[in-house]
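Below: one structure, written as structure tokens.
The values are calculated or read from the model by the stated rules, or taken from the named source; none is laboratory data. Computed from a prediction, not measured in an experiment: that's the story for all the values here. Reconstructed Cβ throughout: ideal geometry from the backbone, glycine too, with neighbour counts over all protein chains shown.
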Amino acid sequence: MSLIVLVTGATGFLGSHLCRTLVERGHRVEAFRRQSSDLSRLGPLAGQVRWRRVPEDLEAPFSGPAPPDAVIHCAALYGRRGESPAQMIEANTLLPVRLHYLAARRGVPLFLNTDTVLDPALSLYALAKHQAVQWLTRAGGPSRVLNLRVQHFYGPGDDPSKFITWLITQCLANVPEIRLTDGRQQRDFVYVSDVVSAMVALLESQSAGSAAGGGFANYEVGSGSPVPLRDVVELIHKLTGSRSRLLFGALAYRPGEPVVTRADTSALRVLGWQPLVTLPEGLERTIAAEKAGQSPKSV
């Protein structure tokens, strides 16, 4: 079944991978973009997406004769470039709430929201995402809301400020010292293609009619197997052949930082989904792409 899927954040890391997979599976993709958005992650695929301007055309996909069959909200503002609290709220809270309202008003049956596992006390980003979910759980209407609580995803072409990408670039550059926490905290890392396959599994199963009638449900996306950060750091150090000195314990934990994060993927596994890319394999792919200076044309 070919679906019309409206995607936010399509020019970003996760959204670009999602759009590519949707097109490959025969779905029609509409997406929002700002005038200044960089389409390089999408490459030739950009020509196969029907683009809408944001914020000017926010209502346009819901006003035509063929509204989307589903909305997948991937857009996010992490706050790593000095964005104000108002900008964080606008991108991470108001945008998904507005989109859901428009989707529900037009009778769009499915709304997938990309959420974080981070505690709202940890950052403005996590707080704003948490507030969006609070609104979505109270929203009425016919749209079924599936909230995807995604663990720490990574892969080729990710934002350079993200931990895995940052560490790989530091190691490849052989910087003299890399300051780190003691690395005892455990994190559930999941490769980007496994996140996308979870989204697609939910999209296609729900669109087959298993979740008509609105409502809200959480799904957790991750490997289900957390790994100590120290092990991840040492593996990246080894795979890159880095000469950098790793200074474990040089940094303190952030206030409120969790000791362990782990996804309960049982609900997704009922649909036949499972993560396919191991952490060593995913890191090797990411390192190889970073060495080659490639944008993520495949996963």
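Please work out if VAL117 is under 29 Å from VAL259 (Cβ atoms) and either at pLDDT 90 or above or buried (at least 18 other Cβ atoms within 10 Å of the Cβ) (or both). It is true that VAL117 is under 29 Å from VAL259 (Cβ atoms) and either at pLDDT 90 or above or buried (at least 18 other Cβ atoms within 10 Å of the Cβ) (or both). Just so you know, in segment 282-295 the residues that are in contact (Cβ under 8 Å) with a residue 40 or more places away in the chain and not aliphatic (A, V, I, L, M) include one that is surrounded by the most Cβ atoms within 10 Å (Cβ to Cβ), and it is GLY282.
Please give the helices (runs of 4 or more DSSP H) falling wholly within segment 147-260 in which 1 or more residues are free of Cβ contacts under 8 Å to residues at least 60 places away in the same chain. Spell out the reasoning first.
Numbers: elements: 163-172, 192-205, 229-240.
Hits in segment 147-260: 163-172, 229-240.
Looking for something charged (D, E, K, R) and farther than 22 Å from ARG20 by Cα - is there at least one such residue anywhere in segment 213-224? Checked segment 213-224: at least one residue is charged (D, E, K, R) and farther than 22 Å from ARG20 by Cα. Checked against (1) of a type in the set (Lys, Arg); (2) at pLDDT 95 or above; (3) surrounded by fewer than 20 Cβ atoms within 10 Å (Cβ to Cβ); (4) under 30 Å from TYR101 (Cα atoms), ARG138 passes all but condition (2).
Would you mention how many residues in segment 132-146 are assigned to a strand (DSSP E or B) and more than 14 Å from THR116 (Cα to Cα)? Total satisfying the criteria: 2. Within segment 162-206, being among the charged types (D, E, K, R) and in contact with a strand residue (DSSP E or B) (Cβ under 9 Å, 6 or more places away or on another chain) holds for LYS162, GLU177, ARG179, ARG184, ARG187, ASP188, ASP194.
If you take the residues of segment 66-82 that are surrounded by fewer than 16 Cβ atoms within 10 Å (Cβ to Cβ) and farther than 19 Å from SER143 by Cβ, which of them is farthest from the chain's Cα centre (by Cα)? Steps first, answer last, please.
Keep residues of segment 66-82 that are surrounded by fewer than 16 Cβ atoms within 10 Å (Cβ to Cβ), which gives 66, 80-82.
Pick out the ones that are also farther than 19 Å from SER143 by Cβ and you get 80-82.
Numbers: ARG80: 16, ARG81: 18, GLY82: 21 Å.
Once the filter is applied, the top-ranked residue is GLY82.
The criterion of at least 1 residues that are farther than 26 Å from SER193 by Cα and among the β-branched types (Val, Ile, Thr) is met, among helices (runs of 4 or more DSSP H) falling completely within segment 7-125, by 85-89, 95-106.
Scanning segment 240-260 for residues that are modelled with pLDDT of 95 or more and either hydroxyl-bearing (Ser, Thr, Tyr) or crowded, with 17+ Cβ neighbours inside 10 Å (or both) yields a count of 4.
Among the criteria (1) over 29 Å from LEU127 (Cβ atoms); (2) of a type outside the set (Gly, Ala, Ser); (3) modelled with pLDDT under 95, the one ASP231 does not fulfil is (3).
Table: residues versus (1) under 29 Å from VAL23 (Cβ atoms); (2) modelled with pLDDT under 95.
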{"position": "ASP159", "(1), (2)": "yes, yes"}
{"position": "THR181", "(1), (2)": "no, no"}
{"position": "VAL195", "(1), (2)": "yes, no"}
{"position": "SER205", "(1), (2)": "yes, yes"}
{"position": "SER210", "(1), (2)": "yes, yes"}
